[in-house]
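As structure tokens, the structure follows; a few thoughts come after it.
The values are calculated or read from the model by the stated rules, or taken from the named source; none is laboratory data. Just so we're clear, the structure is a prediction, and the values are computed from it rather than from any experiment. Using ideal geometry, Cβ is built from the backbone for each residue, glycine included, and neighbour counts are taken over all protein chains shown. With ligands, DNA and RNA removed, areas are computed over all heavy atoms of the protein, side chains included. Shrake-Rupley method; radii C 1.70, N 1.55, O 1.52, S 1.80 Å.
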Number of protein chains: 2
Amino acid sequence: MAVNVAIVGATGAVGQEFLTVLAERNFPIKNLKLLASARSAGKTVKFKGQDYIVEELTHDSFKDVKIAFFSAGGSISKEFAPSAVKAGAIVIDNTSAFRMKDGIPLVVPEVNPEAIFKHNGLIANPNCSTIIMNVPVWPLHKVNRVKRLVISTYQAVSGAGAWGLYELESQMKQAASGLAVTKEKFPHQIVNNVFAHNSKIDPATGYNEEETKMVNETRKIFAEPKMMVTATCVRVPVPRAHCESINIEFERPMTPQQVREVLAKAPGVKIVDDVANNHFPMPLEASGQDDVLVGRIRQDISRDDGRGIDLFVSGDQVRKGAATNAVQIAERLI
Amino acid sequence: MAVNVAIVGATGAVGQEFLTVLAERNFPIKNLKLLASARSAGKTVKFKGQDYIVEELTHDSFKDVKIAFFSAGGSISKEFAPSAVKAGAIVIDNTSAFRMKDGIPLVVPEVNPEAIFKHNGLIANPNCSTIIMNVPVWPLHKVNRVKRLVISTYQAVSGAGAWGLYELESQMKQAASGLAVTKEKFPHQIVNNVFAHNSKIDPATGYNEEETKMVNETRKIFAEPKMMVTATCVRVPVPRAHCESINIEFERPMTPQQVREVLAKAPGVKIVDDVANNHFPMPLEASGQDDVLVGRIRQDISRDDGRGIDLFVSGDQVRKGAATNAVQIAERLI
């Protein structure tokens, strides 16, 4: 049963990935409406070999639309998502605008698919780093309650948008030619460097927004409002796919073998843990995949109670971290 | 009182940095002997404007040498350091050959300078990641015992040797020109990628050697044989200076303000923690410095007992992580 679909922010990095994922998964689309700002309206975008003209987003854009994917920034979602809902659409919002609002489901389909059907017209898609961490941690949490998570991220530049990728590429060309490196939108040089995630810092906690999202969203998705989570989010000069170093404290002892057995059966997870060849999750291999790669599965030797496990994961933040997760939610809806 | 100095591995990345640091710090050298393999013997190396001919390392190289810096790999140290000691030299060994041996001091001068004088001719210089983490953690440990450390590293390619830097640069040129990237010595592509540290993995624990060093060396240097330490060591496409995300669990509550006060007075530490401008420790700024940059000083919000602190640090692994630390040991000896 095909449905009418709208994509808000169709010309952005995630918007483009929505089209790719919808085509790949053969999502049953009756009419496809591509929406963007006035600046992008009139552009032509290809979908399954056909040309689509991008239309300007207005409050009247959503007549007869069944599913509206929003990925054009939080302020656009706040302004236009209510109009889409009023017109009868179900909004799947990839921004942070509504994620922490009571009554709005925040969904990773591998974790809390039941929440999808509690929507009042709006479902929030979590932050990319949150999704990539939740997919492997949740199946472990189900068999042995996770008490505490200590996470450090290695985040790709395209997480900041298509401009992040452009900035890394242009700085790389400058560095490779021995030229001075020009900063544009990132606060610091990214080629040959690493810096704290470029999101706003809460002066009260010192956590940046990316870190706060990982803490609060995980608690909501897992329905564990007191789960202990700390994160340090960092940008690295990688085009695509985030990595995360995850230290888990379980309620009861847990061996690496038990972790492997659980993860081998977990949806959305692919174990890449080849000790003999030093082959573990890498952004280069996670890029373009929907699975979260998981490896470096080790007993945390800092603890003598067997309750610690270390993992290293990598996932494509534009796919499973954004577009794929949202399309999976839509698939369950129809 | 000037002394005779020998450098074993004089043509390597760390050997070259020894010369830079000895010159900068005006170390009182009477005669300087540069030693390397037969392959490098005969090469000319500059020190303070003068040319020195590299000599082939033999068991007879150490007559009248007072201080011998070794940085030519563990097997060279194992074979030749005993000859240097027998000839009356004090060896400061930058390899891992003797670090964990009983009776051999393993020294970070800011942490355990008293151990220097317990030597029997040989003093071990710790692993670079260990030094960079120990310098800021030790002064905190002195005021509030550290119970547990969870560390994730972001390590520069030059930590692998001068070839690592060459490999990143040549891969960057290929990537910037749109050419296929050629792997040489690293197990995986490093440009545009991140991978688990390229050291041997202990199949029993799953920890790689870099991680095991961070755990065991810290316990020895701090004289805390049961300190809980876990580490995940990762290479990033950065030429120089390692970063580390450090989660600390203290015995008693500790506020970020208390941490700042302690670190502001700590030797070898520079606080870079500008929340308003999102300016924190970065390899680009740590490169070429002896201080370890420390920032992202936050209360770990995963804990409700106030005993957790998160930090992000960056230090030049060729300087404080190797050459500078060794020269500081030598300065205390003479």
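Determine the distance separating the Cα centre of segment B:246-271 from the Cα centre of segment B:115-140; give it in Å without decimals. Segment B:246-271 and segment B:115-140 have Cα centres spaced 19 Å from each other. From the Cα gyration tensor of segment A:201-316, with a ≥ b ≥ c the square roots of its eigenvalues, which class applies: rounded if a/c is under 1.5, or else prolate if a/b is larger than b/c, or else oblate? Note, shape of segment A:201-316 comes out oblate. Each copy carries B:Asp274; placing its label point 7 Å along the C-beta direction from Cα gives inter-copy distances of 4.5 nm, listed from smallest up.
Divided by 2.2 N^0.38 Å, where N counts the residues, the Cα radius of gyration of segment B:30-88 comes to 1.12.
For chain B, the 222 nm mean residue ellipticity estimated from helices alone, with every DSSP H stretch of n ≥ 4 adding -39500 (n - 2.57) and the total spread over all residues, rounds to -8500 deg cm²/dmol. Loop-only GluC sites (Glu not before Pro) in segment A:224-324, please: DSSP not H, G, I, E or B, and at most 13 other Cβ atoms within 10 Å. Counting only loop positions with at most 13 other Cβ atoms within 10 Å, the GluC sites (Glu not before Pro) in segment A:224-324 are A:Glu251.
Protein heavy-atom accessible surface, 1.4 Å probe, per residue over the protein assembly as shown: 37 Å². Using a Gaussian network model of chain B with C-alpha springs under 10 Å, which one of B:Gly206, B:Gly88, B:Gly178 is most mobile by mean-square fluctuation? Ranking B:Gly206, B:Gly88, B:Gly178 by mean-square fluctuation puts B:Gly178 first. Taking chain B as the reference, fit the longest principal axis to its C-alpha atoms, fit the long axis of helix B:13-24 to the helix C-alpha atoms, and give the angle between the two in degrees, 0 to 90, nearest 10. Orientation of helix B:13-24: about 90 degrees from the principal axis.
All alpha carbon pair distances within chain A were sorted into 10 Å bins beginning at 0; the resulting P(r) in whole percents reads 6, 25, 33, 24, 10, 2, 0. Between B:Glu79 and A:Asp304, the C-beta separation translates, for a Förster distance of 45 Å, into a calculated FRET efficiency of about 0.75. Where the alpha-carbon atoms of the protein assembly as shown are placed on the principal axes, they occupy 91, 51, 44 Å, in descending order.
For A:Gln174 and B:Ala180, what is the calculated FRET efficiency with R₀ set at 22 Å and r taken between the beta-carbons, to the nearest 0.05? Computed FRET efficiency for A:Gln174 and B:Ala180 comes out at 0.55. The other copies place their A:Ala180 label points at 3.8 nm from this one, listed shortest first, where each point is 7 Å from Cα along Cα→Cβ. Which of the pairs A:Lys213/B:Lys270; B:Lys220/B:Lys270; B:Lys30/B:Lys63; A:Lys78/A:Lys220 have their Cα atoms more than 22 Å apart in this structure? Distance filter (> 22 Å) returns A:Lys213/B:Lys270; B:Lys220/B:Lys270. Using a cutoff of 8 angstrom between alpha carbon atoms and counting only pairs six or more residues apart, the relative contact order for chain B works out to 18 percent. Residues of segment B:229-255 losing 40 Å² or more of accessible surface, assembly versus chain alone, probe 1.4 Å, please list them. At a threshold of 40 Å² (probe 1.4 Å), the residues of segment B:229-255 that become less exposed are B:Thr232, B:Pro237. Bridge orientation summary for the protein assembly as shown: considering DSSP beta bridges with both residues in this region, about 50 percent are antiparallel.
For the residues of A:177-183, the average number of beta carbons from a partner chain within 10 Å of their own beta carbon is 1. Inter-chain Cβ neighbour count for B:304-317, averaged per residue, equals 2 (cutoff 10 Å, partner chain atoms only).
Taking amide H atoms as placed 1.01 Å from N in the peptide plane, the amide H of B:Val292 lies under 5 Å from those of B:Val269, B:Lys270, each 5 or more residues away in sequence or on another chain. Angle of helix B:209-221 to the longest C-alpha principal axis of chain B, folded into 0 to 90 degrees and rounded to 10: 90°.
Comparing mean-square fluctuations of A:Ile104, A:Ile201, A:Ile123 from a GNM of chain A with C-alpha springs under 10 Å, the top value falls on A:Ile201.
From the P(r) of segment B:3-59, could you give the percentage of C-alpha pairs in the tail past 13 Å? Value for segment B:3-59 (Cα pairs over 13 Å): 56 percent. Expressed to the nearest 5 percent, the antiparallel share of DSSP beta bridges inside chain A is 50 percent. Leaving ligands and nucleic acids aside, the B/A contact buries around 5000 square angstrom of accessible area in total at a 1.4 Å probe radius.
The Cβ shell under 13 Å around A:Ile131 holds other residues with a net charge of -2, Lys and Arg each +1, Asp and Glu each -1. Computed from Cα atoms, the angle from the helix B:324-333 axis to the main principal axis of chain B rounds to 70 degrees. For A:Val238, nonlocal amide neighbours, meaning residues 5 or more places apart or on other chains whose placed amide H falls under 5 Å from its own, are A:Val157.
Centroid-to-centroid, using Cα positions, segment A:8-37 and segment B:12-35 are 61 Å apart. Qualifying GluC sites (Glu not before Pro) in segment A:203-237, where qualification requires a DSSP coil assignment and no more than 16 other C-beta atoms within 10 Å, are lacking entirely. Between this copy and the others, label points of A:Asp51 are 7.0 nm apart in ascending order, each placed 7 angstrom from Cα in the Cβ direction. Each of B:Thr58 and A:Gln289 was given a label point 7 Å from its Cα along the Cα-to-Cβ line. The distance between the two points is 5.5 nm. The local environment of B:Lys30, defined by Cβ-Cβ distances under 11 Å, has a net charge of +1 under the rule Lys, Arg +1 and Asp, Glu -1. Computed from the Cβ-Cβ distance with R0 of 25 Å, the FRET efficiency linking A:Arg260 to A:Arg332 stands at 0.30. Contact with the other protein chains removes 20 Å² or more of accessible area, compared with the isolated chain and a 1.4 Å probe, from these residues of segment B:111-160: B:Arg148, B:Val150, B:Ser152, B:Tyr154.
Counting only protein heavy atoms and a probe of 1.4 Å, the accessible surface of chain A is 51% carbon and sulfur.
The alpha carbon centroids of segment B:169-200 and segment B:276-321 are separated by 27 Å.
Within the assembled protein chains, the solvent-accessible surface assigned to B:His279 is about 50 Å², based on a 1.4 Å probe.
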